[in-house]
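K.L.:
Take a look at this one; I'll ask things after.
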Amino acid sequence: MSLSPAQLDRIAYRRRQTLLSVLVAALSTLVLGVLLVVAVTGAPGWDRVRESFLDPQVARDSLPDVLRGLWLNIRLLFFCAVGALALGLAVALLRTLRGPVFFPVRLLATGYTYTFRGLPLIIVLYVMTLGLPGLRLQGMPSTLVLGGIALVVTYSGYLAEVFRAGIESVHPSQLAAARSLGLTYRQTMRFVVLPQAVRRVAPPLLNDTVALQKDVGLVSLAGPIDAVRAAQIHTAETFNYTPYIVAGVLFVLLAAPLIAVTDWVTLRAARRQS
Amino acid sequence: MSLLACRGVRKLFGDHVVLDGLDFDVAEHEVVALIGASGSGKSTLLRCVNLLEELDDGTIHLDGEHITDPRADPDKVRQRIGIVFQAYNLFPHMTVLENVVLAPVRVHGMPRQAARDLALEWLGRVGLAEKAGAYPDRLSGGQQQRVAIVRALVNSPRLLLLDEVTSALDPELVGEVLSMIRDLKSDGVTMVLATHEMGFARQVADRVCFLDGGRVLEQGPPEKVFAEPVEARTRQFLGRIIEAGRL
């Protein structure tokens with residue numbers, strides 16, 4: 001099949017345009033990069049900053065401890081994310097229940113989301129990790145577990161609202177179709193409403209999980225040593241801030257895959273909508 | 001005894017009276033067309049029969065059973081009535097096959113394999129077997145509506161309600177849905193259809209009911225209602241339809 005001269009011309013023109021825009025992008029990136037390097041390294045205090053924030057020897061020395069701390073962050077993140085998603089979904093479902101029997105349950109679920117979205121995480125952490133053990137009850141879990149619970153209750157307050165928004169975004173005609181087939185309310189939720197709702201709110205759910213990843217480190221306020229706390233200990237020993245930079249880089253690397261997944265899911269959802 | 005019996009059905013939306021003491025009967029294997037202006041209560045009547053709306057007065061009996069009794073289990077009642085909506089309302093996250101087998105498996109406890117076989121047989125009958133694995137957004141409006149009808153029919157309902165099932169379709173896709181309904185009539189499926197397709201109502205319906213003022217104002221065989229309407233309001237309505245070139 002031969003193309004008309006007009007189409008061949010269009011293809012050739014577009015190819016030239018593409019090449020041109022790649023060149024422009026490369027050039028502007030280079031210029032900006034050079035400007036940044038010159039501005040930072042040319043600053044009057046650059047040598048002192050480099051010594052106290054970017055010392056390779058201190059970075060090497062602190063890396064094992066910071067990594068050990070990071071492993072705690074990863075484990076906490078995993079269990080807290082699973083726990084908060086499960087509890088958030090449960091609270092959201094309780095808020096959608098209808099009928100007078102469920103009034104107290106609805107009230108409780110609503111109060112829960114109001115309280116834990118309003119209460120600063122640090123206060124919940126202190127109450128859980130320092131207040132609860134003070135009761136001297138038998139079988140009190142470790143500080144780490146109590147801190148994890150504090151994270152779960154706080155984050156599930158947010159996630160519950162995200163889930164609820166998803167549930168309410170499913171059009172009533174979908175409920176009518178499901179009920180008209182004889183499905184019960186519970187079956188309608190499980191097979192028709194929730195699958196659509198969760199798909200729709202997957203991007204904000206993942207976004208909150210990225211935020212959780214940074215907040216799990218706050219359990220170190222109660223004792224357990226996470227990556228940031230490990231960096232702080234090293235900094236106090238060496239009077240050098242490099243360990244913080246090490247921890248920061250590790251956090252960004254840890255978040256990158258999760259953020260990439262979030263972007264991908266968001267993009268896919270947007271494509272499905274169109 | 002009639003399959004469906006509505007007595008003195010009243011339904012209000014706020015202060016607006018949609019159904020005002022309506023009486024309506026459907027015999028087994030009968031096909032009844034509900035006609036009337038927009039807002040005359042055709043859709044509302046169908047939604048009341050399927051218990052998607054609560055009555056403000058009156059009773060509805062199905063097979064002699066009082067289904068608008070608040071003590072009756074609405075899920076059990078709906079299992080015996082199929083409804084097809086104007087906007088299809090297929091489940092977008094399920095394939096065509098999953099849409100169709102959902103109720104047989106989850107509501108009627110049919111084994112998964114048997115439900116699949118039954119669904120594929122039905123989809124084959126309406127020429128959609130090769131679409132079984134597709135998602136609804138890959139289908140044309142006419143195809144989606146035929147899937148929606150199959151989804152209602154696999155449950156062998158006693159009564160099939162069709163709520164303006166061709167209103168959202170492009171004109172060239174209306175035919176495929178109407179011919180499917182014609183086939184169902186020869187199978188003996190009892191149907192009530194709210195419709196604006198007067199030509200089709202004339203062909204397929206055993207009886208035409210003209211709704212006006214929240215009641216059945218006039219009813220009878222289509223040739224009689226369309227050719228020599230008794231009521232002035234019916235004549236006026238049909239006159240407007242003819243003017244619009246729809247009859």
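The values are calculated or read from the model by the stated rules, or taken from the named source; none is laboratory data. These figures come from a predicted structure and were not determined experimentally. Note that each Cβ is placed from the backbone with ideal geometry, even for glycine, and that neighbours are counted across all protein chains shown. These accessible areas exclude ligands, DNA and RNA; they are computed on the full protein's heavy atoms, side chains included. Shrake-Rupley method; radii C 1.70, N 1.55, O 1.52, S 1.80 Å.
K.L.:
Which of rounded, prolate or oblate describes chain A when judged by the alpha-carbon gyration tensor and an a/c cut-off of 1.5?
P.N.:
Here chain A falls in the oblate category.
K.L.:
If you don't mind, there's one more thing I want to ask. Could you work out how far apart the two model spin labels at B:Asp137 and A:Leu20 are, taking each label as a point 7 Å from the Cα in the direction of the beta carbon, and quote it in nm?
P.N.:
Computed distance between label sites B:Asp137 and A:Leu20 equals 3.6 nm.
K.L.:
A further question follows. Taking every Cα atom in the stretch A:107-191, find the radius of gyration and the maximum pairwise distance Dmax, and write them in Å.
P.N.:
Final numbers for Rg and Dmax: 18.6, 55 Å.
K.L.:
Still on this structure, please answer the following. So how exposed is B:His196, as accessible area in Å² (1.4 Å probe, rounded to 10)?
P.N.:
Approximately 60 Å² of B:His196 is accessible to the 1.4 Å probe.
K.L.:
Ordering A:Leu23, B:Leu45 from largest to smallest accessible area (1.4 angstrom probe), what's the sequence?
P.N.:
So, going from the largest accessible area down, we get A:Leu23, B:Leu45.
K.L.:
Set the Förster radius R0 to 35 Å, insert the Cβ-Cβ distance between A:Val101 and B:Phe13 as r into 1/(1 + (r/R0)^6), and round the FRET efficiency to 0.05.
P.N.:
So, using R0 = 35 Å, E works out to roughly 0.80.
K.L.:
Another question, then. Karplus couplings for the stretch A:139-144 from phi (6.51 cos²θ - 1.76 cosθ + 1.60, θ = phi - 60°), rounded to Hz, Gly and Pro as x?
P.N.:
Along the stretch A:139-144, the couplings run x, 5, x, 5, 4, 4 Hz.
K.L.:
Same structure again: Between A:Leu119, A:Leu93, A:Leu144, find the one with the highest GNM mean-square fluctuation for chain A; connect C-alpha pairs within less than 10 Å.
P.N.:
A:Leu119
K.L.:
Using a 1.4 Å probe over the heavy atoms of the protein chains, calculate the carbon and sulfur portion of the accessible area of the stretch A:57-273 as a whole percent.
P.N.:
69 percent
K.L.:
A follow-up question, please. Looking at chain B, which longest stretch skips every one of the trypsin sites (Lys or Arg not before Pro) that is in a DSSP loop with at most 12 other Cβ atoms within 10 Å, leaving the sites themselves out?
P.N.:
Answer - B:72-245.
K.L.:
Given the options A:Trp46, A:Trp264, A:Trp71, state which has the largest fluctuation in a GNM of chain A using a 10 Å cut-off (strictly under) for Cα springs.
P.N.:
Judging by the Gaussian network model, the answer is A:Trp46.
K.L.:
Let me ask you something else. Across chain B, where is the longest run that never hits GluC sites (Glu not before Pro) in a DSSP loop with at most 16 other C-beta atoms within 10 Å?
P.N.:
B:55-230
K.L.:
Between the stretch A:44-119 and the stretch B:91-144, how many Å separate their Cα centres?
P.N.:
If you average the Cα positions of each part, the centres end up 42 Å apart.
K.L.:
To the nearest 500 deg cm²/dmol, what mean residue ellipticity at 222 nm is calculated for chain A from DSSP H runs of n ≥ 4 alone, each contributing -39,500 (n - 2.57), summed and divided by the residues?
P.N.:
Value at 222 nm, helices only, nearest 500: -26500 deg cm²/dmol.
K.L.:
Can you sort B:Met110, B:Met180 by 1.4 Å-probe accessible area, starting with the largest?
P.N.:
My answer, sorted largest first, is B:Met110, B:Met180.
K.L.:
Identify, among B:Gly239, A:Val228, B:Ser40, the residue whose Cα sits farthest towards the positive end of the charge dipole of the protein assembly as shown, taking +1 on the Cβ of Lys and Arg and -1 on the Cβ of Asp and Glu, with the dipole about the Cα centre.
P.N.:
Final value for the positive-end residue is A:Val228.
K.L.:
I'd like the antiparallel share, as a percent to the nearest 5, of DSSP beta bridges with both residues in chain B.
P.N.:
Expressed as a percentage, antiparallel bridges in chain B total about 55.
K.L.:
What fraction, in whole percent, of alpha-carbon pairs in chain B exceed 24 Å separation?
P.N.:
The proportion of pairs with Cα distances above 24 Å equals 47 percent.
K.L.:
What accessible area, summed over both chains, is buried at the A-B interface (1.4 Å probe, Å², nearest 100)?
P.N.:
Its buried surface, counting both partners, is about 1700 Å².
K.L.:
Quick one: if the Förster radius is 56 Å, what FRET efficiency do B:Arg182 and A:Tyr13 give, using the C-beta to C-beta distance and rounding to 0.05?
P.N.:
Given R0 = 56 Å and the Cβ-Cβ separation, E is 0.50.
K.L.:
Let me ask something additional. Run through every distinct alpha carbon pair of the stretch A:137-274 and return the Kirkwood hydrodynamic radius in angstroms, one decimal place.
P.N.:
Over the stretch A:137-274, the inverse of the mean reciprocal pair distance is 18.3 Å.
K.L.:
Please report the antiparallel percentage of the DSSP beta bridges confined to the protein assembly as shown, to the nearest 5.
P.N.:
55 percent
K.L.:
With chain A treated as a Gaussian network of Cα nodes joined by springs under 10 Å, which of A:Val38, A:Val201, A:Val127 yields the largest mean-square fluctuation?
P.N.:
Its mean-square fluctuation being the largest, the pick is A:Val38.
K.L.:
Give a quick list of trypsin sites (Lys or Arg not before Pro) in the stretch A:97-153 that DSSP marks as loop, anything other than H, G, I, E or B, with at most 14 other Cβ atoms within 10 Å.
P.N.:
Passing both the DSSP loop test and the Cβ count: A:Arg98, A:Arg136.
K.L.:
According to a simple spin-label model (label point 7 Å from Cα along Cα-to-Cβ), what is the distance in nm between A:Leu67 and A:Ser169?
P.N.:
That separation, rounded to one decimal, is 4.0 nm.
K.L.:
When all protein chains stay in place, what accessible area (Å², nearest 10, 1.4 Å probe) is found for B:Thr68?
P.N.:
Surface open to solvent at B:Thr68 totals about 40 Å².
K.L.:
How much accessible area per residue does the protein assembly as shown have, in Å², with a 1.4 Å probe?
P.N.:
With all protein chains present, the protein assembly as shown gives 52 Å² per residue.
K.L.:
Given that compact globular proteins tend to follow 2.2 N^0.38 Å, what is the ratio of the alpha-carbon Rg of the protein assembly as shown to that value?
P.N.:
Here the answer is 1.38, to two decimals.
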